[in-house]
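The values are calculated or read from the model by the stated rules, or taken from the named source; none is laboratory data. What you see is a predicted model, and the numbers here were worked out from it, not measured in a lab. Please note: Cβ atoms are built from the backbone with ideal geometry, for glycine as well, and neighbour counts cover all protein chains shown. Calculation scope for accessible area: heavy atoms of the full protein, side chains included, ligands and nucleic acids excluded. Shrake-Rupley method; radii C 1.70, N 1.55, O 1.52, S 1.80 Å.
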Amino acid sequence: MIKKLRQNPDLLFGTIFTGILLLIVLVGLIHTPYPTTQMSAADKFAAPGLMHIFGCDQYGRDIFSRVMEGLGSTFVIALFTVLIGSVSGVLIGSLCGYFGGLLDDALMRVNDVLFSFPSILLALVIVSLLGTGSVNVTLALGIAFVPSFARIVRSEVKKQAALDYVQSARLMGASHFRIIFVHILPNILPVLASSVMIGFNNAVLAEAGLSYLGIGVQPPRASLGRMLSEAQSFLFTAPWYAIFPGLTIVLLVLGFALLAEGMTEGGRDAS
Amino acid sequence: MLLEVKDFGIEFHDHDRPERVVEDLDFSLDTGEILGIVGESGSGKSLTGLAIAGLLPRKKLKKEGAILFEGQDVLRMERSALRELQGDEICMIFQEPMTALNPTMRIGRQVEEALRIHHKEMDAAARKERALLWLRNVELEDAERVYDSYPHELSGGMRQRVCIAAAMVGGPKLLIADEPTTALDVTVQAQIIRLLQRINEEEKVAILFVSHDLSLIRQISDNVLVMQKGRLVEKGPVEKIFSEPREEYTKKLIAAIPRVNLDE
């Protein structure tokens, strides 16, 4: 394991970045250095230092504590977004790819329509129908992410379904359900895994984008996107306010991208 | 009679113009018989094999005539009844042992698949015992190790043996072999042919051996069908076809068998 990490710098740094951030999220669940909503006039725009390592915002709230909380909600929302998107995408994509025909045509045309809008725009539409709040944002992003997963899974299932082992399973008298889920699905896991990783990153960015626009996690709960949008007005008085939440997003996405890259590379070496 | 194919035809309807790929095919197969189907590419021999296995798609092609397996018409059977037959009574091995096995499943599980589906009363230990029995019966050394391996850990010849074991584990009455040795080298090819002959004798399983290789067909079959462009050219006992072919096409095919003569 250690040896593998040393040979694969992508995997190494990906694991380190993601590990650190995950640790911060987990610690943030039980303890933050300061209460995330505690204001203090004396600490208004306090520069990063020993008391506040990331500094303070315009209300004197500790930015590090708020980053911890915001990172947590970003993580959870991105996770559930990808979960909704990939599970529905796998269901739709495998049915379309396996059965083909009219079902495939119908579902894929709907998919094309959804696909033609940028997912963030689609999410915006759904949020405006459902209302703001983190549950609705997760739902909206999840739905917006279905088409890309469905498309990837469909083409992979189509490819696998043409192979003899599927024919042979059918000849064994296996049901369609069994063929799709027991025989084919394990074979598309590598592709699915990397698209889940990429999907997670897109979800992180989309969530940050939505909360930047003010329709994600609602105040007083902290969110990275909203912190960025507030920090914009104080870019010159308190640059750390923008830098640290921004850096956190960059690290999160970079870490996950490296992890995904490293894992595909590791998979290639193994096979 | 185990299998009777009557006036069988296939017509593709997936293009503007219907295309007949198999026409007026008549033949039958007895229990324990080995029937070779020989023909060039596109003669419809593989399609015939797939049709008997019930693997042709239901849409986009028209099927005529009847394929009677123990009196039941495979072409018009309920899907659930067909599934009962498939894997239990009728099995098939394919040309490419590389793709015929699921790369993410251990060999043991794949050999047991037919038992898992058709013999639900068997418990895990009985299934494993039966799978190992068949892995040994197809002359795989170290059957226990193979049982726990993944397909990529085996050679092509070993994989084809595994496919035969997976097909035979449920005790079928008919084994369809669609060019089972084409992807293998000559020595392995001869071993697989001998293995199929032995299994045929011991288990009394009828084998439908589809190939373009006349010398293989001559070695293994009792009777031969010669097909060309979807039509039956000639059928009969293997020695008769080879010693006194009646049709011009059959004569040409036989003349095309490469001969090695070291004296010249």
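What the table shows:
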{"quantity": "Alpha-carbon Rg with Dmax, taken over region B:106-171, Å", "calculated": "10.7, 33"}
{"quantity": "Calculated SAXS-style log₁₀ I(q)/I(0) at q = 0.19 Å⁻¹ - region B:1-123, Debye, Cα scatterers", "calculated": "-1.20"}
{"quantity": "Net length gained if the chain between B:ARG79 and B:ARG246 were fully extended (0.36 nm per residue, minus Cα distance)", "calculated": "56.0 nm"}
{"quantity": "Kirkwood Rh, Cα atoms: Rg over Rh of chain B", "calculated": "0.98"}
{"quantity": "Ratio of Rg to Rh over the protein assembly as shown (Cα coordinates, Kirkwood Rh, two decimals)", "calculated": "1.15"}
{"quantity": "Shielding by other protein chains, B:92-105, mean Cβ within 10 Å", "calculated": "5"}
{"quantity": "Simple spin-label estimate for A:SER229 and B:ALA256 in nanometres, 7 Å along Cα-Cβ", "calculated": "7.3 nm"}
{"quantity": "Heavy-atom accessible surface of region A:214-271: percent carbon and sulfur, 1.4 Å", "calculated": "69 percent"}
{"quantity": "Relative contact order for region B:13-130, counting Cα pairs under 8 Å that sit 6 or more residues apart, in percent", "calculated": "17 percent"}
{"quantity": "Label zone at A:VAL250, where the point sits 7 Å out along the Cα-to-Cβ direction: region A:64-80 residues whose backbone N lies under 18 Å", "calculated": "A:64, A:67-68, A:71"}
{"quantity": "Percent of alpha-carbon pairs separated by more than 24 Å within region A:1-141", "calculated": "58 percent"}
{"quantity": "Carbon/sulfur fraction of accessible area - region B:23-72, other protein chains in place, 1.4 Å, %", "calculated": "46 percent"}
{"quantity": "Contour excess over end-to-end distance, with Cα ends at B:HIS13 and B:THR182 and 0.36 nm allotted per residue", "calculated": "57.9 nm"}
{"quantity": "Ordering of A:186-199, A:29-42, A:221-234 by burial proxy (mean other Cβ atoms within 10 Å per residue, highest first)", "calculated": "A:221-234, A:186-199, A:29-42"}
{"quantity": "Using distinct alpha-carbon pairs, which all enter the 1/r mean, Kirkwood radius of region A:2-270 in Å", "calculated": "20.4 Å"}
{"quantity": "Burial order of peptide ranges A:71-84, B:56-69 (average beta-carbon count within 10 Å, highest first)", "calculated": "A:71-84, B:56-69"}
{"quantity": "18 Å Cα-Cα reach of A:LYS3 towards aspartates and glutamates, excluding residues that sit fewer than 8 places from it in its own chain", "calculated": "A:GLU261, A:GLU265, A:ASP269"}
{"quantity": "Per-residue mean of C-beta atoms belonging to partner chains within 10 Å, peptide B:108-118", "calculated": "3"}
{"quantity": "DSSP-defined antiparallel bridges as percent of all bridges, the protein assembly as shown, nearest 5", "calculated": "55 percent"}
{"quantity": "Estimated FRET transfer efficiency (A:LEU189, B:LYS60; beta-carbon r; R0 22 Å; 0.05)", "calculated": "0.10"}
{"quantity": "Delta accessible area of at least 20 Å² on complex formation, residues of region B:28-67, 1.4 Å probe, chain isolated as reference", "calculated": "B:LEU55"}
{"quantity": "Listed residue pairs exceeding 31 Å between alpha carbons, taken from A:LYS158/B:LYS235; B:LYS6/B:LYS204; A:LYS158/B:LYS251", "calculated": "A:LYS158/B:LYS235; A:LYS158/B:LYS251"}
{"quantity": "Label-point gap, in nm, between B:ARG198 and A:VAL110 - each point 7 angstrom along Cα→Cβ", "calculated": "5.6 nm"}
{"quantity": "Contact surface B-A: accessible area buried, both sides summed, square angstrom, 1.4 angstrom probe", "calculated": "1800 Å²"}
{"quantity": "Average accessible area per residue (Å²) across the protein assembly as shown - probe 1.4 Å, nucleic acids and ligands excluded", "calculated": "48 Å²"}
